[in-house]
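Single-structure report; data block below.
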Amino acid sequence: MLSRAEAKVKIKEITTNNKPIKTGMTLPIRKGVTFNVYKVPLAYLVPNILNDRITWKIREFEAENNRKLNIESDDDVQFLYDVILKEHPAENERTKADLAKNGQQVDGVITNDGIIIDGNRRATLLRALFSGDADKYGQKIEDFRYFNTIILPEDIDAKEIMALETMLQIGADEKVGYNRICLYVKVDNLLNAGYTYPQIKQYMNLKSDKDVGEMKSTFDLMMEYLKAIGKPSHFTLLDGLEDQFLNVKTVFKRLENGTYDAQWDYKTGDVIEFKQVCYDYMRAKFEGKKFRDVLVGKPNKTNGVFIEKPVWDSFLQHHNSIIDSNNPSSEADWQYLGKKGGKLDQNLNDAVNKLQSVLNDKDLSKLIVEVRGKVDRISELVEGMEDISSDDLNNLKEISKTIYKITSSYKV
């Protein structure tokens, strides 16, 4: 594989000695400037390590290997190509068939040293065709040696490239959708690069600065979750959990500022324990609706297992016992515990039944109906009886006094 310095020399030779195949092209940066399109050998190119579609997997790779990914390494570059191929396999096959039949219809964008800014997926599929897949479609391998691309000028810096990539990839309509987690990672990348909320809003085609702030706070919660489960930067573990994070975010905030409608005087330590339990259920990929409506509850309603201390204490004790006795280590272990009918589900069901009983006891109308039914039943039982025990009679008199005391306090 060429080094980036070697690729830069060869790409410079192309722009110096060859005529462009297109001229007058524009990009969403440098208004009024036009660019040329050249045919560049795929062998000169490498994927972009800030590629929005795979940035979460790159971060995970770096966390697992305790080093930065190196685009000067053959193995690391191959890793990037492999990740791109695996991201959307079905769509990739359709696109590859279209490239085989019709050739490259959409131009890419690269830096002057061959890093692909726009068109990573197309270049990867063209590379696969050139590596032998062209035979499957009855095409000549040599027809897929080159990538048609704009070559960015040397004076473009990393921040401008990041803005360009965001506008080209996320700010525009894409045939292949982004994994939602990638968008949160992208916001974090842009903020770390020094971009403002208004800039990010525009680049990512969001509605308002508030949307950027909401994505940032959600990403912060995601990071807290990964740290809490001992898997920092393992972003693939966030896949499929966006709704759960959105559900818990408001509840967690209200718990922390004391506005959550719990029926007991919970402390900071109780909130930490509740959040950890929620994280355990999220890691177990527990069913989303039940997670939202039963475990977490809604912040402005009296539901969720945390609202009543006896219910919560019992649920937490059983939960910790389940985790301790099963000692889940792999993601498969966690998902086994979280499956429908599994131990986490059973514990939650038990807590729900206890909570419902407590809530029913606090529902005045329901209690009155229940008492009325009991009184009617007593009336049926004593009808025709010649005598009842003195204890039963005294109890009935006390009940009558209590009910009279209640009713006399109110006017109809």
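Laid out as a table, the results:
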{"quantity": "Counted residues, region 66-88 - those being exposed (fewer than 12 other Cβ atoms within 10 Å of the Cβ) and modelled with pLDDT under 90", "calculated": "2"}
{"quantity": "Region 142-162, residues that are exposed (fewer than 14 other Cβ atoms within 10 Å of the Cβ) and within 25 Å of Pro28 (Cα to Cα)", "calculated": "Pro153, Glu154, Asp155, Asp157, Ala158, Lys159, Glu160"}
{"quantity": "Cβ pairs under 6 Å, 6+ apart, first in region 56-76 and more than 18 Å from Met1 (Cβ to Cβ), second in a helix (DSSP H, G or I) and not acidic (Asp, Glu)", "calculated": "Trp56/Ile181; Trp56/Cys182; Trp56/Val185; Trp56/Phe235; Lys57/Val83; Arg59/Phe235; Glu60/Phe235; Glu60/Thr236"}
{"quantity": "Failed item in (1) in a helix (DSSP H, G or I); (2) over 24 Å from Leu337 (Cα atoms); (3) not acidic (Asp, Glu), with Trp264 passing the rest", "calculated": "(1)"}
{"quantity": "Verdict on Lys231 being outside the structural domain of Asp52 (by TED's automatic domain parsing), over 16 Å from the mean Cα position of the chain (by Cα) and free of Cβ contacts under 8 Å to residues at least 24 places away in the same chain", "calculated": "no"}
{"quantity": "Any hit, region 251-261, residues being farther than 20 Å from Asn353 by Cβ, free of Cβ contacts under 8 Å to residues at least 40 places away in the same chain, in contact with a Leu (Cβ under 9 Å, 6 or more places away or on another chain) and not in a loop (DSSP other than H, G, I, E, B)", "calculated": "yes"}
{"quantity": "Residue check, Gly304 at pLDDT below 90 and within 20 Å of His318 (Cα to Cα)", "calculated": "yes"}
{"quantity": "Count of residues meeting criterion [basic (Lys, Arg) and under 14 Å from Lys231 (Cβ atoms)] in region 268-284", "calculated": "1"}
{"quantity": "Pairs, first touching a residue at least 40 places away in the same chain (Cβ under 8 Å) and farther than 13 Å from Ser321 by Cα in region 340-352, second part of a helix (DSSP H, G or I) and among the β-branched types (Val, Ile, Thr), C-beta under 8 Å, six or more apart", "calculated": "Leu348/Val294; Ala351/Val311; Val352/Val294"}
{"quantity": "Candidate set from region 113-141 (those that are within 24 Å of Thr15 (Cβ to Cβ) and in contact with a Phe, Trp or Tyr (Cβ under 6 Å, 6 or more places away or on another chain)); member that is surrounded by the fewest Cβ atoms within 10 Å (Cβ to Cβ)", "calculated": "Phe130"}
{"quantity": "Subset of region 203-217 (residues that are in a helix (DSSP H, G or I) and surrounded by fewer than 18 Cβ atoms within 10 Å (Cβ to Cβ))", "calculated": "Asp209, Lys210, Asp211, Gly213, Glu214, Lys216, Ser217"}
{"quantity": "Identity of the residue in region 267-285, assigned to a helix (DSSP H, G or I) and among the aliphatic types (A, V, I, L, M), that ends up nearest to Ser330 (Cα to Cα)", "calculated": "Met282"}
{"quantity": "Residue identified as exposed (fewer than 14 other Cβ atoms within 10 Å of the Cβ) and aliphatic (A, V, I, L, M) among Leu316, Leu255, Leu295, Leu246", "calculated": "Leu246"}
{"quantity": "Residue within region 36-55 that is over 17 Å from Asn120 (Cα atoms), more than 37 Å from the chain's Cα centre (by Cα), at pLDDT 95 or above and assigned to a strand (DSSP E or B) present", "calculated": "yes"}
{"quantity": "1 or more residues touching a strand residue (DSSP E or B) at 6+ places or on another chain (Cβ under 8 Å) and touching a residue at least 40 places away in the same chain (Cβ under 8 Å): qualifying helices (runs of 4 or more DSSP H) within region 113-199", "calculated": "120-130, 158-169"}
{"quantity": "Of all residues making up region 301-330, the number that are assigned to a helix (DSSP H, G or I) and over 16 Å from Lys343 (Cβ atoms)", "calculated": "5"}
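Every residue, every condition in (1) of a type in the set (D, E, K, R); (2) under 30 Å from Glu370 (Cβ atoms); (3) touching a strand residue (DSSP E or B) at 6+ places or on another chain (Cβ under 7 Å), yes or no:
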site: Thr259; (1), (2), (3): no, no, no
site: Tyr281; (1), (2), (3): no, no, no
site: Lys285; (1), (2), (3): yes, no, no
site: Lys290; (1), (2), (3): yes, yes, no
site: Val294; (1), (2), (3): no, yes, no
site: Val305; (1), (2), (3): no, yes, no
site: Asn320; (1), (2), (3): no, no, no
site: Ser329; (1), (2), (3): no, no, no
site: Gly338; (1), (2), (3): no, no, no
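Conditions tested, residue by residue: (1) at pLDDT 90 or above; (2) closer than 20 Å to Tyr81 by Cα; (3) of a type in the set (A, V, I, L, M).
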{"residue": "Arg121", "(1), (2), (3)": "yes, yes, no"}
{"residue": "Asn205", "(1), (2), (3)": "no, no, no"}
{"residue": "Lys210", "(1), (2), (3)": "yes, no, no"}
{"residue": "Met222", "(1), (2), (3)": "yes, no, yes"}
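The values are calculated or read from the model by the stated rules, or taken from the named source; none is laboratory data. Everything numeric here is computed off the predicted structure, so don't read it as measured data. Note that each Cβ is placed from the backbone with ideal geometry, even for glycine, and that neighbours are counted across all protein chains shown.
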